[in-house]
Amino acid sequence: GGCLAMTAPASGSGHIRLCSAKIPRDAAVANTCKIPLGAVVEPFSRHLEQGVKRISVPSAAHVARCSNCFALASPFCDLRRGPTNQIAGWRCALCGTLNAPPATKEHENVLLGQTEAGGGCAELRFPPMSETGSGSVSRTLVLVVDSTLDADQLDLLRPGLVGFLRDALRDDLAPTSVALVTYGSSVRFHRLAIQTGGPVSESDAFPARLQSRRNSARADRLLAAGRSRWFARVAPDANGRARLVEGLERALLSVNPYEADGGAAAHERPRCMVGAIALACRAAALPGDWSRGKGPSLASVLVVGGGWCTAGPGAVPGLSDADRQLRELESAREVEAIAEEIGGAGSCIVDILGCGHVPLDVTGLYPLTQNTGGCLLTYEAVGDSLWRGMRETWARTVGVGAVADFRVGGGVRVDRICGPVVPWPAAARPPIGSAAGGLTDNAVGLTSCERGVGVCLSLRMLENVSRDSCFLQGEFYYADLGGERRLRV
Ligand SMILES: [Zn+2]
């Protein structure tokens, strides 16, 4: 037995990084040498973005795929040249099948276009999902803000949130609708678009308990009824956008710093972060006419502040151990249910940015962010690094509806895929011949499609590797925020 060297980008700094530069020649060696076989795949790597070769293709029929294993042609395939140096055929790097030459120039581009310098990565771009343009992604920004912070913290937070929204609205990929939700011992949805002519801002309050599964039908009814008031559509013109920013400022000014009981210490105030997230996600994900267009929708729920992770208000755990344990159990169940609900929909990303010197239940809240493709960050001060974190969090999304698929050369198979993934039901698979066509059993859905996020594969040797090299191909099919369909290979 011996080892095979992996091909260039594998062990380097490409989009696919193997944990070992060599793979065993046979299963017997693999089982004795104890080196884990696996790979980290980061399709939207920030620092490799420049090297990605972009190729426009009119349709899926213009993509050169292997007639046997359906792998995409790549620069790692051997080309057969004819007498006039034309391509006379190509041998699939994964299964070794000799394929007919590409039918058109576009096919040839796909075959030759990926470069090893760019980590062997190419992005095929297909026309938008709809010719009318209504296929573009409607993106909702929901700001969820802790209203129990001290007055001086709220004073710092307000201009930062206003500045963040002003920047987001100036961006090319501005949200299509915006909402503000604040939480203390109740959850409050604000009416950003309503012009009262004065400093008064209106909002509707709900008990945080409404989020529990027992109350879900009632919550859906109430949220559906009020949603058009809370989700302000972003106007196409600068004046309309400026009014929306003013609406946010007015709403934030109307948030009173914590006042109940006179002066409970910051860490003892009831703040139902989980209840607020659950209700905000529910409201954002419910289907309805408030969201523009018929294309896919994506909600980004950005939570700022603190909070324990409990099933409802009264966020501070009781003093007795029994009460504490009961609450922990209750909250673990609740978070699991919410994460499943949100993650399954695949259209709601929850990011939590802890700040304001208040407690944050990191272990309890982590699944909520992780399972939706979001992140959990904490900041010591309400200031520049928090604003930077918010901007980066908002800007890192590149698309929606991503499906990842992996093909490996003979003798090796994908054992497990870890990361922000959801099972991809066989019934939802597109037919062979569509742009994402011919998905393998390895195909998974990605809950988020963003810069710097990757998945981890563990590989297993099944039999001997018959050839002197072994290839792994990753395919990521998604719609960018402009509604263009893309296939990253
Ligand atoms: Zn093949």
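The values are calculated or read from the model by the stated rules, or taken from the named source; none is laboratory data. Treat the numbers as computed from the prediction; the structure is a model and nothing was measured. When we count neighbours, we look across all protein chains shown, and the Cβ atoms used for this are built from the backbone with ideal geometry, even at glycine. The protein model used for the area step is the full one, side chains on, heavy atoms only, and it has no ligands, DNA or RNA in it. Shrake-Rupley method; radii C 1.70, N 1.55, O 1.52, S 1.80 Å.
Out of Arg233, Arg292, Arg229, one residue alone is farther than 26 Å from Leu365 by Cα, modelled with pLDDT under 80 and either touching a strand residue (DSSP E or B) at 6+ places or on another chain (Cβ under 8 Å) or not charged (D, E, K, R) (or both). It is Arg292. The strands (runs of 3 or more DSSP E) found wholly in region 345-416 and carrying at least 1 residues that are touching a Pro at 6+ places or on another chain (Cβ under 6 Å) occupy 397-408.
Residues checked against (1) modelled with pLDDT of 65 or more; (2) in a loop (DSSP other than H, G, I, E, B); (3) under 16 Å from Leu487 (Cβ atoms):
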{"site": "His107", "(1), (2), (3)": "no, no, yes"}
{"site": "Ala117", "(1), (2), (3)": "no, no, no"}
{"site": "Pro127", "(1), (2), (3)": "yes, no, yes"}
{"site": "Gly135", "(1), (2), (3)": "no, yes, no"}
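Does Ala276 meet the test of being modelled with pLDDT of 75 or more, in contact with a Phe, Trp or Tyr (Cβ under 8 Å, 6 or more places away or on another chain) and either crowded, with 16+ Cβ neighbours inside 10 Å or outside any loop (DSSP other than H, G, I, E, B) (or both)? Here the answer is yes, as Ala276 does meet what is asked. Listed conditions (1) modelled with pLDDT of 85 or more; (2) farther than 30 Å from Glu380 by Cβ; (3) open to solvent by less than 60 Å² (accessible area, probe 1.4 Å) are all met by Arg158, apart from (2).
Across region 30-89, which residue is farthest from Ile16 (Cα to Cα) among those that are among the aliphatic types (A, V, I, L, M) and within 16 Å of the ligand (Cβ to nearest atom)? Filtering first and then ranking leaves Leu79.
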